[in-house]
Amino acid sequence: MIQKRLEVTECKYLISSMELMAKHLQKVVAELDSKSIKEMLEHIINARAVFVMGAGRSGLVGRAFAMRLMHLGFTAYVVGESTTPAVTKEDAVVAISGSGQTRSVANLGMITKEIGAKLITITSNEDSGLGKISDTVVKIAGRTKEDAGEYVERHLRGEYTYLTPLGTSFETSATVFLDGVIAELINITGASEEDLKSRHNKLE
């Protein structure tokens with residue numbers, strides 16, 4: 001079998017993808033609900049510990065958020081890790097799911113509510129099963145209808161094919177949003193850059 005030789009182009013797809021995401025992020029910021037964000041911050045601040053969960057790439061987004069919480073001095077765990085303890089009713093659980101229907105995350109969300117912990121969901125679908133059982137839902141738009149229309153139009157014109165595949169819009173937006181949450185928590189707690197550095201992994 002003859003292997004096709006891959007050729008690096010002028011990176012127009014890379015640039016177009018980044019421009020599309022930047023445009024999408026502006027829409028996400030404009031549509032954020034400050035009330036739900038304030039509730040989320042209050043749940044985190046008042047929790048004994050914060051547990052973060054998500055599947056696939058959303059899970060990776062969650063890991064990054066849990067790491068930053070730890071750097072800030074919060075007790076934070078990633079659900080599913082072998083060293084993660086049991087959730088209690090004094091805790092807060094942050095679920096990250098674009099669809100709000102990911103079975104493993106939704107099932108864990110129901111267990112969270114049975115325990116009595118606060119459930120915070122980051123999702124594009126606030127009317128999902130996970131969204132409906134949550135104490136607080138922060139809506140982060142995935143690819144919007146307008147984005148989808150533009151995406152299809154350019155696809156038909158042959159201008160690009162895969163600029164924001166699968167859940168990329170949600171995952172990237174959720175990452176930026178959660179970094180924003182960390183910035184707000186830094187302000188609330190009065191933490192300094194040195195405080196964060198003091199908790200950074202020294203064994204890397």
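The values are calculated or read from the model by the stated rules, or taken from the named source; none is laboratory data. Keep in mind that what you see is a predicted model, and the values were worked out from it rather than measured. Here the Cβ positions follow ideal geometry from the backbone for every residue, glycine too, while neighbour counts run over all protein chains shown. Keep in mind that these areas ignore ligands, DNA and RNA; they rest on the heavy atoms of the full protein, side chains included. Shrake-Rupley method; radii C 1.70, N 1.55, O 1.52, S 1.80 Å.
The table below lists the values:
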item	result
Computed E for Thr83/Lys35 - FRET, C-beta separation, R0 25 angstrom, nearest 0.05	0.10
Radius ratio Rg over Rh of the range 1-69, counting only Cα atoms, Kirkwood formula for Rh	1.20
Cross-link table Lys27/Lys118; Lys4/Lys27; Lys38/Lys197; Lys12/Lys38, entries beyond 32 Å C-alpha to C-alpha	Lys4/Lys27; Lys12/Lys38
Percent accessible area from carbon and sulfur atoms, the range 83-144, protein chains only, probe 1.4 Å	50 percent
Difference of contour (0.36 nm per residue) and Cα-Cα distance, Met18 to Met110	29.5 nm
With DNA, RNA and ligands ignored, accessible area of Val79 (1.4 Å probe; Å², nearest 10)	50 Å²
Accessible area, probe 1.4 Å, largest first, for residues Ile188, Ile133	Ile188, Ile133
Quarter of Cα convex hull surface for the range 44-120, i.e. mean projection, nm²	4.6 nm²
The range 33-143, accessible area per residue, ligands and nucleic acids excluded (1.4 Å, Å²)	47 Å²
Relative contact order of the range 26-146, defined on C-alpha pairs under 8 angstrom at six or more residues apart (%)	25 percent
GluC sites (Glu not before Pro) restricted to DSSP loop in the range 1-96 with at most 13 other C-beta within 10 Å	Glu7, Glu10, Glu81, Glu90
